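Written out below as structure tokens is the structure these notes cover.
All of the numbers you see were taken from the coordinates with simple rules; none came from a lab. The structure presented is a predicted model; accordingly, all values stated were derived computationally and were not measured. Cβ placement follows ideal geometry from the backbone for every residue including glycine, while neighbour counts extend to all protein chains displayed.
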Amino acid sequence: MMPRQIGHSGVCLDIKAIASRAFDIIVASAAALVLALPMLVIACAIWLEGGRPILFSQARLGKGGQPFRMYKFRKFAATCGTEGCPLTMAKDGRMTPVGRVLAATKLDELPQLWNVLRGDMAIIGPRPESLAFADCFQNGFEQVLEHKPGLLGPSQILFRNEGSLYPPDMDPTRFYRDVLFPTKARLDLAYFPHHSVVGDIGWLMRGVLAVFGWVPSQAVPAQRTGRPGVAETREATKSEGAAQ
């Protein structure tokens, strides 16, 4: 019986997968150690403000469309149920004062380091989508699900202030489906099929800068809705002041 031949491309893919996983574990472990005290302070602030639960968890779509449970620090009042808009708007009335700070700084995302260590997520990857928008993954966009979702990535960084982009005269879920989701999916598909550890380090650095308010500009064309594109909407909302 002849031994099974392993192609050069298969070996390269294995090496790339090992390098990516090692990158995720190293970065997530280091971040968890460095940020342990800030996370403890955040947890205490949430508890003092509104009690338990400290964390918010929700089923999200993972690689291959498999659902997993993603964790965040709770931004909404503890009395909020699971009903309501699956998106978080700017000045969302469900957010607590502490939650608004977490939303502005994106520190509510820190518990996802646990998801990275578990292997549910990567440090750099497409944003894990809510099950409410699972039907958006069609007409080529299902290719996004071929990649492990990430804590950071092109769409998360370029759309850091997504909550302020929704037009007041349009249903937010329709705007998300018709404009934001396709735009973010195209950004992810332009990068992740060819991503590398070096490229991921670049997006990691951009993500750190985004926490401090720096977001790279990105021209986004208008979609078929006939409404302003995201870039135009962003410019219009700069002058103004969901799932969680």
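The figures follow:
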| quantity | calculated |
| --- | --- |
| Summed side-chain charge close to Cys136 - residues other than Cys136 whose Cβ falls under 11 Å, Lys, Arg +1, Asp, Glu -1 | -2 |
| Cα centroid separation - the stretch 32-80 against the stretch 123-202, whole Å | 21 |
| Members of Lys91/Lys148; Lys16/Lys63; Lys16/Lys72; Lys148/Lys184 lying beyond 27 Å, as alpha-carbon distances in this model show | Lys91/Lys148; Lys16/Lys72 |
| Packing-based order for 153-161, 187-195, 106-114, 133-141, using average beta carbon neighbours within 10 Å, highest first | 153-161, 106-114, 187-195, 133-141 |
| J(HN,Hα) series, the stretch 185-190, from Karplus relation 6.51 cos²θ - 1.76 cosθ + 1.60, nearest Hz, glycine and proline x | 5, 5, 4, 5, 6, 6 |
| ³J(HN,Hα) computed for each position of the stretch 152-163 - Karplus, 6.51 cos²θ - 1.76 cosθ + 1.60, integer Hz, glycine/proline x | 10, x, x, 6, 5, 7, 5, 10, 4, 9, 4, x |
| The stretch 100-110 - phi-based ³J(HN,Hα) in whole Hz, Karplus 6.51/-1.76/1.60, Gly and Pro as x | 5, 5, 5, 5, 5, 9, 6, 6, 5, 7, 4 |
| Under 5 Å, built H, 5+ apart or other chain: amide partners of Leu55 | Arg74 |
| Nonlocal amide H pairs with Leu152, under 5 Å, H built at 1.01 Å | Ile124, Gly125 |
| DSSP-assigned coil residues among GluC sites (Glu not before Pro) in the stretch 111-165, each with at most 13 further Cβ atoms within 10 Å | none |
| Gained length - Leu33 relative to Arg118, 0.36 nm times residue gap less alpha-carbon distance | 29.0 nm |
| Spin-label pair Arg94/Arg21, simplified geometry with 7 Å Cα→Cβ offset, distance in nm | 3.5 |
